[in-house]
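What follows is a short report on a single structure.
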Amino acid sequence: MTGEAARVRQMWHLLEPLHAVLYYAPEAFEEAAALGYGTEERWTSYFAWRAAPLGAVDAPEVVRAFHSFAPAMVARYVPASWATAPPEAVLAARLRAVDRAYRALFGDRRVEGAGLAEAAALARRAAEATTPGVLGALGPANSALPWPDAPHLMLWHAATVLREHRGDGHIAALAGAGLDPVESLVSFAAVGAARPEVFASRGWGEEGWGAARRRLQERGLLAADGTATEAGRGLRAKVELRTDEEAAAPWRALGEEGRLRLVELLGEPWLEVIGSGMLPGENTLGIGKV
């Protein structure tokens, strides 16, 4: 991994947990319930929260934008999400959810403090330097939303723009490697990003997963036991490197001094999110593994 790639990936690792509280915080589930969404599982609100910047889109558009979910799984939630609450109501509620979650995690003093305001300004500068991904839609859709005024919400929005921008680039990298959505997951599990059971949440089922494994084995990318061959590890390394390259522009625009200052400012909030136990220790993004 090049020095720049390592720096870009570090920023992803720092910002991803700050974004992801939306999908796990109790306050977010309370806001989702107030809109009328069920909270017995997280997917009902997840699809609404994440897809709302796209507007009242149908299932095929969400399948393309999210990439890793089985079409049948997406169809269980979209477009039904918009019958429960329109996207504009969901967008307003997700900011309320993040406001409450951040205040619960960090306390009012830090939320309203100078350090978080400085971090928000730096993250916004980076986020405003994003460029549209080749295949993705979520980066541009989030970039087009109005910036929140409150610094802690500005920080969350910047983290969201940056992570979806990276995700758009990741989709492009996977396509360039000839990996379809389920093959992307199987090959990622094969290099140890997470156990295959963790990826079952994407809804492909044993049949879809098994068929993808056979296709990858035929390409020489997977061994008989499901682990990656040398060629498979090499291909995934190229995917991750291209993803970092696609995500690098915002950090070049911010500059190394600004980036290092943002790393310093995000250290304690990052530790508080991770230390809360709110986020799963093993995830489909490979945070901490790649």
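The values are calculated or read from the model by the stated rules, or taken from the named source; none is laboratory data. Since this is a predicted model, take the numbers as computed values, not measurements. Heads up, the Cβs are rebuilt from the backbone with ideal geometry, glycines too, and the neighbour counts pull from every protein chain shown. Only protein heavy atoms, including side chains, enter the accessible area calculation; ligands, DNA and RNA are left aside. Shrake-Rupley method; radii C 1.70, N 1.55, O 1.52, S 1.80 Å.
Looking at (1) open to solvent by less than 60 Å² (accessible area, probe 1.4 Å); (2) closer than 18 Å to GLY169 by Cα; (3) at pLDDT below 95, which is the only condition GLY3 fails?
It is condition (2) that GLY3 fails.
Residue by residue through region 210-234, note down the ones that are assigned to a helix (DSSP H, G or I) and either at pLDDT below 95 or surrounded by 21 or more Cβ atoms within 10 Å (Cβ to Cβ) (or both).
ALA212, ARG213, LEU216, GLY232, listed by residue number.
Tally the residues that are touching a residue at least 40 places away in the same chain (Cβ under 8 Å) and either open to solvent by 10 Å² or more (accessible area, probe 1.4 Å) or farther than 16 Å from HIS67 by Cβ (or both), restricting the search to region 188-197.
6
Does ARG50 satisfy being surrounded by fewer than 20 Cβ atoms within 10 Å (Cβ to Cβ), under 23 Å from ALA137 (Cβ atoms) and of a type in the set (Lys, Arg)?
no
Pairs needed: first member in region 23-46, of a type outside the set (Ser, Thr, Tyr); second member anywhere, open to solvent by 40 Å² or more (accessible area, probe 1.4 Å) and in a loop (DSSP other than H, G, I, E, B); C-beta distance under 7 Å; at least 6 residues apart or different chains.
ALA25/MET278; PHE29/THR39; ALA32/THR39; ALA33/THR39
Within region 84-101, take every residue that is within 14 Å of TYR46 (Cα to Cα) and either out of contact with any helix residue (DSSP H, G or I) (no Cβ under 6 Å at 6 or more places or on another chain) or outside any helix (DSSP H, G or I) (or both) and give me the one that is most open to solvent (accessible area, probe 1.4 Å).
THR84
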